1. Please go through (1) in contact with a strand residue (DSSP E or B) (Cβ under 7 Å, 6 or more places away or on another chain); (2) away from ligand 3 (no atom under 14 Å from the Cβ); (3) hydroxyl-bearing (Ser, Thr, Tyr) for B:SER105 and return the number of the only condition it doesn't satisfy.
2. Give the number of residues within the stretch B:183-196 that are outside any helix (DSSP H, G or I) and open to solvent by 10 Å² or more (accessible area, probe 1.4 Å).
3. Just to be sure before I move on: is A:PRO411 at pLDDT 95 or above and away from chain B (no Cβ under 14 Å) in the structure I sent?
4. How many residues does the stretch B:13-38 hold that are of a type in the set (A, V, I, L, M, F, W, C) and either within 7 Å of chain A (Cβ to nearest Cβ) or more than 16 Å from ligand 4 (Cβ to nearest atom) (or both)?
5. Which condition number does B:THR89 fail, the rest of (1) more than 16 Å from ligand 3 (Cβ to nearest atom); (2) exposed (fewer than 15 other Cβ atoms within 10 Å of the Cβ) being met?
6. Inside the stretch A:266-361, counting only helices (runs of 4 or more DSSP H) that do not spill past its ends, which hold 3 or more residues that are more than 28 Å from A:HIS424 (Cα to Cα) and in contact with a Gly (Cβ under 9 Å, 6 or more places away or on another chain)?
7. Filter the stretch A:85-117 for residues that are buried (at least 18 other Cβ atoms within 10 Å of the Cβ) and more than 26 Å from B:ARG175 (Cα to Cα) and give the result.
8. Report, by residue number, each residue of the stretch A:296-318 that is more than 32 Å from the chain's Cα centre (by Cα) and under 13 Å from A:ASP276 (Cα atoms).
Amino acid sequence: MTEIERHDYDVLVIGAGGAGLRAAIEARERGLRTAIVCKSLFGKAHTVMAEGGCAAAMGNVNENDSWQVHFRDTMRGGKFLNNWRMAELHAKEAPDRVWELETYGALFDRTKDGRISQRHFGGHTYPRLAHVGDRTGLELLRTMQQRIVALQQDDFAETGDYEARLRVFAECTVTELLKDPAVGPDGAIAGALGYWRESGRLVVFSAPAVVLATGGIGKSFQVTSNSWEYTGDGHALALRVGADLVDMEFVQFHPTGMVWPPSVKGILVTEGVRGDGGVLKNSDGKRFMFDYVPDVFKGQYAQTEDEADRWYDDQESNRRTPDLLPRDEVARAINTEVKEGRGSPHGGVYLDIASRMPAEEIKRRLPSMYHQFKELADVDITAEPMEVGPTCHYVMGGIQVDPDTGQSRVPGLFAAGECAGGMHGSNRLGGNSLSDLLVFGRRAGLGAADYVVGLERRPAVQAADVDAAAVLTLAPFDAPAHGGPDDAENPYTLHAELQRMMNDLVGIIRTETEVAEAQRRLGELRARVGHVFVEGHRQYNPGWHLALDLRNMLMVSEAVAASALLRTESRGGHTREDHPGLDPEWRHRVLVTRRARDGADSTDGAESEQVVPRVVVEPAERVPMRADLLALFDLTELEKYYTDAELAEHPGRPADPGRPADPVGGTA
Amino acid sequence: MSYTGTFRIWRGDADGGALADFRVEVNEGEVVLDVLHRLQATQAPDLAVRWNCKAGKCGSCSAEINGKPRLLCMTRMSVFERDDVVTVTPMRTFPVIRDLVTDVSFNYAKAREIPSFTPPADLAPGEYRMAQVDVNRSQEFRKCIECYLCQDTCHVVRDHEENKESFAGPRFLMRIAELEMHPLDVADRVPAAQEEHGLGRCNITKCCTDVCPEGIKITDNALIPMKERVADRRYDPLVWLGRTISRRRG
Ligand SMILES: Cc1cc2nc3c(=O)[nH]c(=O)nc-3n(C[C@H](O)[C@H](O)[C@H](O)COP(=O)(O)OP(=O)(O)OC[C@H]3O[C@@H](n4cnc5c(N)ncnc54)[C@H](O)[C@@H]3O)c2cc1C
Ligand code: SF4
Ligand code: SF4
Ligand code: FES
């Protein structure tokens, strides 16, 4: 094999979105030599697409807000399935992380007294989202990109080399993580192998700590708000080296994606439209969300249009509009309206802001939405309603990590951002991702730095592993071993089939029969993916790139389908038509996905399993919530989610079971 | 609603290339990028094109359509007649890597040369207070998605490779303006804008403003005000004197 390009770093961050950049900043500020690898150009990661805002209980607009209220909202949004320690750290640390961005140069929209303005969003009790119009993600990403440039400038001043301690490897895709089996009982991370998209040449990174910050999995679904990068690479890379995933059945379908024209179907319409006053209507012109407030949220939402409208200006004496229920509820409601024949001409419902505020105000508050509809659909949102419908948006499931350090079960492997699991439970609240990136990006950077500093011996990349990973990465250029040239599979065709199948069978509403059928078809795709053959050369060859991404999408789709089949209840981003209710016995259980072990899990060792290793999903018990956090909730609310036995210790219990415990920080 | 359109696409690499003709299906509501994707899936699997969000938000898919710098994902097919030949070529100002993908590293190099945001030393996080009116202008510039179409179109570098060394281009001159107009920034980049980043070479043709997909008024709101700041310094004898002295010392 020809000589491979090699680099040596202390911390290798895979992903240049919000989580990756924040992790890299932290590791570099701790003095470690840090590299960032990303599939697209620096500054283009998916985070730029985030629109609405970044949730942090700063209390700038409503001073009653506090970390406790934010924590409660997050747990409720996730239907009490969240990793509570993550939700706690997130709620406590998000304000500091947002303020820190101002010191890097971020310019958020302001309140009248000059502080960071905050907007309403679904599931958040108070106006909580720091924002910049409807391009908050761009602001976040650009700010951190510029912070990285600032750190490079410091290094230049000191050493004459911008890249002395922090370097970005853009348009470089990692295809395999590498371990040193001799460190610890199960080995430890030693580095990664990837390829330059531009030249197709391979590159090996040696690094004792790897932070995965690769984002989500949406490109496995046909209708999605996600970009091509979202192929679940981090999820798959982690599984391949022995880390676990959790909660993979929970996939968020955002209620409002564009539905027309077909080529833009799925592109996001920010929840900020509803946060700022937009309302959902069906073809009868009815504001239907009032009919869809589920029992667990009864009493927390307005019951009349008048009350809902008054709430925008006075949140103390009115309840919020049900247009701002958590996303899973709204998405299901839209799905039902359309199914029952009250949809819009192109199979969505109406989202009306035009009749709710003056045209100029709409353009000022929602400039990108105005632009997006004008340019892509010929719709003037200041004059007519938008047509919207659910779109695959976010994966709650991800790599299982230690909340405080971001470390997975594999020593040296860390994860943060959308590819990490647990924080959002069964459903993420809008705005809680950008803050998640900042809080846990920083923590993973810190965790990785501490780990590296504490190492006694640096793990070493094994030559044989590099060779094997290289062969696997270049395999799509080899004509298929079996059958004639006619058996060669086209990666674009396989991808389209996978997307359609996942959308139809493991989408927003699921049944046992459909998910089982999906598993069968995934089995067929797995056999075919080994026959993918790409034409052309290695230089910037999109067919090859897709062929490699496809393996990850397949592995992740198997995790989603297997988890969806096991969880026989409906909760958050997992709706089983055949098991429509919440089941408290499922609340305390978590579905864990891991790579099948040779022999033990009776895999047949087929060739396709090297390309796409099989996965196994098993239930495990969740760690019970710390008592002081549990006490933040009314007993009556907890009783809707918890089993009796779990609540025995609640302070509200023994004294007077009928009365709610003393709530902290105001009720919702 | 569908029809077969004719596309002429530049294919090649750093060593050269040529326009290739394709006949391909076009459907209602599609953008040029949709058609290129269909070409990849059906006729040219290795056609290199850079893209990411397909929603006009990331600035990856810059190219030239019928000679005009544009985003592939925001150019609707409905702006063409059915029998128009749609010609797609890579951005001309940057070296070609392959097909429609160019090497835009020039821009990242320029970005590094501009001194970063410099807050007042005594301001703690959480204490920043700025009025909305005072951040509006810099916020306009921060809408930039770094598509580099303005850099591509500016004649100072488009036909003059030799100017690249001494000219940051509209995007980064605007970055200087953004920092200069930040209400809390304490650094001074005005002399450097003129002397190191080539502000003087801009002769306010506004071509950059014309191609900006974000509709940022680069020339009127960033470049001209920066030129005024430079001019003010020049004519202010005290500033002039102060600078001459410090320069002699340095
Ligand atoms: C349209 C839209 C709007 C949204 N709006 C909001 C909002 O208002 N508020 C909110 O909180 N959240 C929002 N979200 C969600 C949020 O934007 C994402 O969850 C978040 O940005 C994910 O960030 P990340 O850092 O985890 O990953 P990303 O920003 O997606 O970055 C992933 C990075 O990993 C790299 N990568 C992936 N695989 C590899 C590989 N194999 N090798 C090398 N690099 C790799 C990619 O190139 C990229 O740089 C929105 C999402 C969408 C799609
Ligand atoms: S206005 Fe100046 S920067 Fe813009 S294109 Fe013309 S010369 Fe270039
Ligand atoms: S200023 Fe406009 S044209 Fe120039 S890079 Fe930014 S978005 Fe693109
Ligand atoms: S693909 Fe992001 S701007 Fe076109």
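The values are calculated or read from the model by the stated rules, or taken from the named source; none is laboratory data. What you are looking at is a predicted structure, and each value in this text was computed from that prediction instead of being measured. As a convention, Cβ positions derive from the backbone with ideal geometry for all residues, glycine included, and neighbour counts pool all protein chains shown. Surface areas here come from the heavy atoms of the whole protein model, side chains and all, with no ligands, DNA or RNA. Shrake-Rupley method; radii C 1.70, N 1.55, O 1.52, S 1.80 Å.
1. Among (1) in contact with a strand residue (DSSP E or B) (Cβ under 7 Å, 6 or more places away or on another chain); (2) away from ligand 3 (no atom under 14 Å from the Cβ); (3) hydroxyl-bearing (Ser, Thr, Tyr), the lone unmet condition for B:SER105 is (1).
2. Here the count works out to 7.
3. So A:PRO411 fits the description; yes.
4. Result for the stretch B:13-38: 8.
5. Single failed check for B:THR89: (2).
6. Where helices (runs of 4 or more DSSP H) fall fully within the stretch A:266-361, none carries at least 3 residues being more than 28 Å from A:HIS424 (Cα to Cα) and in contact with a Gly (Cβ under 9 Å, 6 or more places away or on another chain).
7. Across the stretch A:85-117, the qualifying residues are A:MET86, A:ALA87, A:GLU88, A:LEU89, A:HIS90, A:ALA91, A:GLU93, A:ALA94, A:PRO95.
8. A:ARG310
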